[in-house]
Amino acid sequence: MPTFSVNGMNCGHCTQTITKAILDVYPELTIETDIPNKKVTVGAVDDVDGVEKVKAIIIEAGYDVTAVNA
């Protein structure tokens with residue numbers, strides 16, 4: 001499961017925005033957010049193309065992805 005480090009994610013509204021943006025494109029994914037550590041973990045994405053697409057979705061939602069641990 002890839003984990004994205006998301007700069008600027010610091011409240012529940014941020015996590016809702018990111019979660020909704022991802023689920024709008026990939027409704028089948030499971031998403032876990034960790035506000036104190038600014039992490040978003042996405043289940044069921046196991047290929048590089050999918051990871052890059054999720055990263056692009058988070059960026060398009062207005063956040064900066066600083067790292068990805070796939």
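The values are calculated or read from the model by the stated rules, or taken from the named source; none is laboratory data. Treat the numbers as computed from the prediction; the structure is a model and nothing was measured. Don't worry about glycine lacking a Cβ; one is built from the backbone with ideal geometry, like all the others, and counts go over all protein chains shown. Side chains included, ligands, DNA and RNA excluded: accessible areas come from the protein's heavy atoms. Shrake-Rupley method; radii C 1.70, N 1.55, O 1.52, S 1.80 Å.
Please tell me if A21 is of a type in the set (G, A, S) and in a loop (DSSP other than H, G, I, E, B). Spell out the reasoning first.
Values: of a type in the set (G, A, S): yes; in a loop (DSSP other than H, G, I, E, B): no.
Here the answer is no, as A21 does not meet what is asked.
Kindly indicate whether I31 is of a type in the set (V, I, T), modelled with pLDDT of 95 or more and within 11 Å of the chain's Cα centre (by Cα). Spell out how you get there, then give the answer.
Numbers: of a type in the set (V, I, T): yes; modelled with pLDDT of 95 or more: yes; within 11 Å of the chain's Cα centre (by Cα): yes.
Judged against the criteria, I31 is a match.
Output the number of residues of region 34-70 satisfying the condition of being touching a Leu at 6+ places or on another chain (Cβ under 8 Å) and either modelled with pLDDT under 90 or not hydrophobic (A, V, I, L, M, F, W, C) (or both).
3
If you go through region 33-69, how many residues are more than 15 Å from A21 (Cα to Cα), out of contact with any helix residue (DSSP H, G or I) (no Cβ under 7 Å at 6 or more places or on another chain) and outside any loop (DSSP other than H, G, I, E, B)?
7
Restricting to region 35-51, and then to whatever is charged (D, E, K, R) and surrounded by 14 or more Cβ atoms within 10 Å (Cβ to Cβ), can you tell me which residue is nearest to M1 (Cα to Cα)?
Looking only at region 35-51, we keep the residues that are charged (D, E, K, R), and these are 38-39, 46-47, 49.
With surrounded by 14 or more Cβ atoms within 10 Å (Cβ to Cβ) added as a condition, the list becomes 38-39.
Values: K38: 16, K39: 12 Å.
Ranking the qualifying residues of region 35-51, first place goes to K39.
Can we say A70 is among the small types (G, A, S) and open to solvent by 60 Å² or more (accessible area, probe 1.4 Å)?
Values: among the small types (G, A, S): yes; open to solvent by 60 Å² or more (accessible area, probe 1.4 Å): yes.
Answer is yes for this residue.
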